[in-house]
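The values are calculated or read from the model by the stated rules, or taken from the named source; none is laboratory data. What you see is a predicted model, and the numbers here were worked out from it, not measured in a lab. So basically every Cβ, Gly included, is an ideal-geometry build from the backbone, and we count neighbours across all protein chains shown.
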Amino acid sequence: MQKVTIYTDGACSGNPGPGGWAAILISGDLKKEISGGSKNTTNNIMELTAIIEGLKALKQECEVDLYSDSSYCVNSFNQGWIYNWMRKGWKTATGEAVKNQELWKELYDLTKKHKVSFHKVKGHSDVTFNNRCDELARKAIPIGE
């Protein structure tokens, strides 16, 4: 199975507001950068979208080390939150509906296609590819109409 490293980041100008996302896919000597944006979104939606789009860019089943500075996204898998939400009919521990369910469901499905290990990185620090993702995500934020 091919091994791939993916770095992701999302950014918003206001929350909610215009936002951007980015992912960098690395396999051996190959590197691919992808990004996009939305006029009206949230930080969490952009973080999730970055991960989803990174995984969707894979052409075959892969073993993925995925790096994100979003505790929300990483902890949802590493601490099992998403499995609890699914077991409870997509409700949180307090009984509220999980926000962005459609994105979580799509991401969960992608983690069934690929063997994904989630890793938390410190944002805005010395992690080169995370900083590059932040730069790409900010550049992808739509300006004006």
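A few notes on this one:
- Scanning the range 26-52 for residues that are of a type in the set (A, V, I, L, M, F, W, C), more than 19 Å from residue 108 (Cα to Cα) and in contact with a strand residue (DSSP E or B) (Cβ under 6 Å, 6 or more places away or on another chain) yields 26, 34.
- Residue match in the range 65-77 (condition: more than 21 Å from residue 142 (Cβ to Cβ), exposed (fewer than 12 other Cβ atoms within 10 Å of the Cβ) and either in contact (Cβ under 8 Å) with a residue 24 or more places away in the chain or not acidic (Asp, Glu) (or both)): no
- Residue in the range 40-62 that is over 19 Å from residue 119 (Cβ atoms) and in a strand (DSSP E or B) present: yes
- Residue, modelled with the lowest pLDDT, within the range 90-103, restricted to residues that are under 24 Å from residue 46 (Cα atoms) and small (Gly, Ala, Ser): 93
- Pair list, Cβ under 6 Å, 6 or more apart: the range 1-14 residue surrounded by fewer than 24 Cβ atoms within 10 Å (Cβ to Cβ), other residue modelled with pLDDT of 95 or more and of a type in the set (Ser, Thr, Tyr): 4/27
Let's see how each residue does on (1) more than 18 Å from residue 7 (Cβ to Cβ); (2) hydroxyl-bearing (Ser, Thr, Tyr); (3) more than 14 Å from the chain's Cα centre (by Cα):
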{"residue": "66", "(1), (2), (3)": "no, no, no"}
{"residue": "77", "(1), (2), (3)": "no, no, no"}
{"residue": "81", "(1), (2), (3)": "yes, no, yes"}
{"residue": "86", "(1), (2), (3)": "yes, no, yes"}
{"residue": "105", "(1), (2), (3)": "yes, no, no"}
{"residue": "110", "(1), (2), (3)": "no, no, no"}
{"residue": "130", "(1), (2), (3)": "no, no, no"}
{"residue": "134", "(1), (2), (3)": "no, no, no"}
{"residue": "140", "(1), (2), (3)": "no, no, yes"}
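- Tally of residues being touching a residue at least 12 places away in the same chain (Cβ under 8 Å), farther than 24 Å from residue 59 by Cα and either among the charged types (D, E, K, R) or part of a helix (DSSP H, G or I) (or both) across the range 97-134: 4
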